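The values are calculated or read from the model by the stated rules, or taken from the named source; none is laboratory data. Computed from a predicted model, the values in this text were never measured in an experiment. Here the Cβ positions follow ideal geometry from the backbone for every residue, glycine too, while neighbour counts run over all protein chains shown. Areas reflect the complete protein model, heavy atoms only, side chains present, ligands, DNA and RNA absent. Shrake-Rupley method; radii C 1.70, N 1.55, O 1.52, S 1.80 Å.
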Amino acid sequence: MTAIEDRTETTVLPLENEERAPVIEISNVWKLHKLGDEVVKALVAADLTVMPGEFVCLMGPSGSGKSTLLNMIGGLDRPTKGTIKVGGRDTSALTESQFAALRHDTIGFIFQSYNLIPFLSAVENVELPLMFEPYDRKSLRKRALELLELVGLGHRVDHQPTKMSGGEQQRTAIARSLISNPTLVLADEPTANLDHRTGETVVRMLRDLCSTLGVTVVASTHDPTVADEASRVVRMKDGQILQ
């Protein structure tokens, strides 16, 4: 059995003169779809570098390519051409199983629709990504409870999603995204199904993850609230990153 590493207690900051490698390096990435006789350019010559601890907001209207780019980073889709490196690894050279292992060890996902299992409790939903892994069950439960406490849900650990508000469900999803100690969290429209005040709470929580845990966050959104809290805003339109 393997105990789960706990990164919630201590954050090790790099020395001021220590060179840090990018978490994400995107170079000349294109994504083309053929629709009948027409070629749709979902991404056009995208270039982007994200450094450790950044909270980067991909912002643009529907169809601007932000979700497509996020899916490329997370390996849920592959580029037509170009290079994407995550943690220094060229993902184009990875097989599906190798990319799955990279996602498991490095990347956490937060979805617009929460994607919680309705018949599981909050703590069981948080444990789920590692439930069938050879981890010590007591360590896994301890880690899940600590993460729920971190997102302000220590009093809701036994509640099922149907008995939780939208904001509580999304905070549960945030805790779940952190269960495997990822260095990178990808959030696709994390406030889209929330009211303004709840959305503000959730996005500030994402911002705080960067500072307290050293996690890098990349979020796609059209919500100015997310942009206000991000350390950097990358604006997109018609599949292009605007300079």
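A few comments on the model shown:
- The residue that is modelled with the highest pLDDT, counting only those in the stretch 176-190 that are part of a loop (DSSP other than H, G, I, E, B) and open to solvent by 10 Å² or more (accessible area, probe 1.4 Å), is 183.
- Residue satisfying all of: in the stretch 33-76; part of a loop (DSSP other than H, G, I, E, B), touching a helix residue (DSSP H, G or I) at 6+ places or on another chain (Cβ under 6 Å) and in contact (Cβ under 8 Å) with a residue 60 or more places away in the chain; nearest to residue 224 (Cα to Cα) among these: 60
- Residue that is nearest to residue 234 (Cα to Cα), among those in the stretch 77-95 that are β-branched (Val, Ile, Thr) and part of a loop (DSSP other than H, G, I, E, B): 80
- Selection status of residue 73, open to solvent by less than 10 Å² (accessible area, probe 1.4 Å) and touching a Ser or Thr at 6+ places or on another chain (Cβ under 6 Å): no
- Flag for residue 77 being closer than 22 Å to residue 27 by Cβ and in contact with a Lys or Arg (Cβ under 9 Å, 6 or more places away or on another chain): yes
- Qualifying residue in the stretch 137-156 (condition: open to solvent by 30 Å² or more (accessible area, probe 1.4 Å) and either of a type in the set (Val, Ile, Thr) or under 25 Å from residue 71 (Cβ atoms) (or both)): no
- Criterion (under 21 Å from residue 31 (Cα atoms) and among the acidic types (Asp, Glu)) met by exactly one of 90, 105: 90
- Checking 225, 162, 201, 216 one by one, the residue that is touching a Gly at 6+ places or on another chain (Cβ under 8 Å), open to solvent by 50 Å² or more (accessible area, probe 1.4 Å) and of a type in the set (Ser, Thr, Tyr) is 201 and no other.
- Any chance residue 128 is modelled with pLDDT under 95, open to solvent by 40 Å² or more (accessible area, probe 1.4 Å), touching a Lys or Arg at 6+ places or on another chain (Cβ under 9 Å) and more than 30 Å from residue 32 (Cα to Cα): yes
- Where residue 134 falls short, out of the listed (1) surrounded by fewer than 19 Cβ atoms within 10 Å (Cβ to Cβ); (2) closer than 12 Å to residue 172 by Cβ: (2)
- Here 176, 232, 197 are screened, and the one residue that is farther than 19 Å from residue 112 by Cβ and among the charged types (D, E, K, R) is 232.
- Top-ranked residue of the stretch 140-161 - restricted to ones that are closer than 22 Å to residue 189 by Cβ and not aliphatic (A, V, I, L, M), ranked as modelled with the highest pLDDT: 161
- Among the residues making up the stretch 22-32, those that are buried (at least 19 other Cβ atoms within 10 Å of the Cβ) and without any contact (Cβ under 8 Å) to a residue 60 or more places away in the chain are 26, 29.
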